[in-house]
Amino acid sequence: MFPKISFIDPRYTRSLDNRITRDTAIDALSHLLEGIYSVKRNKIIYPLIYKGVSLIYSSLIKTIDEPQNLVLRGNLMQASLYGGIVIAQTGTTLQHSIGYPLTVEFGTSHGLANGIVMKEIMELYCKDKIIANEIKNLFNYLKIKQDDFYNWLNKFNMKMENRLSDAFIKAKSQEILKSRNMQATPGSVSLDDIESILKRI
Ligand SMILES: [Fe+2]
């Protein structure tokens, strides 16, 4: 589904509170990263991915500190637009589908659910040498190390409020493994991998 017209104007986001600003920007970041993770990755859209990730990495904390700053909000909006263009080409992966049951069962916002598993998913995908290399190239572009990115993520304090029950993890891991998003997921992700992530968040 594609819009006929989009209004990409940061003034519309000025009244968003910090929680929604964080969660929606982290969702956009997931879309951008999944453009690299996806088996449908396409280097033609890498400039959008690199620029989008860079804009979120450099602007999100500042936007939370200065919510009325329209230059910063414009950066996040641009990154979000790029993320949308990217997933229209590549689809989303386990990074997204593992968060859906958290939203459905516990009301965890979509972006927050993505943020809670973001480091775990990156670590899992980087077991695949191709992805590890792609992510290394991204962080070289950003002039940061992977650990710097994880430290940055930690600043947003994205966690589940309670540990997930064993029954929930067992039932939902099966569903996640059968989800449509697994078609674009790189490497060979197992039921154990999914259960293990849900146990750690
Ligand atoms: Fe999303």
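The values are calculated or read from the model by the stated rules, or taken from the named source; none is laboratory data. Values in this document were obtained by computation on a predicted structure and should not be read as measured data. Neighbour counts are summed over all protein chains in view; Cβ atoms, including those assigned to glycine, are modelled from backbone coordinates with ideal geometry. Just the protein is used for accessible areas: all its heavy atoms, side chains included, with ligands, DNA and RNA removed. Shrake-Rupley method; radii C 1.70, N 1.55, O 1.52, S 1.80 Å.
For the reader, a short list of remarks on this structure follows.
- Identity of the residue in region 26-40, open to solvent by 10 Å² or more (accessible area, probe 1.4 Å) and within 13 Å of the ligand (Cβ to nearest atom), that ends up farthest from LEU60 (Cα to Cα): HIS31
- Filter result (open to solvent by 60 Å² or more (accessible area, probe 1.4 Å) and not in a helix (DSSP H, G or I)) within region 188-201: SER188
- Hey, LEU60 buried (at least 16 other Cβ atoms within 10 Å of the Cβ) and in a helix (DSSP H, G or I) or not: yes
- Wholly within region 85-187, helices (runs of 4 or more DSSP H) carrying at least 1 residues that are within 16 Å of the ligand (Cβ to nearest atom) and surrounded by 17 or more Cβ atoms within 10 Å (Cβ to Cβ): 94-97, 100-106, 110-125, 166-177
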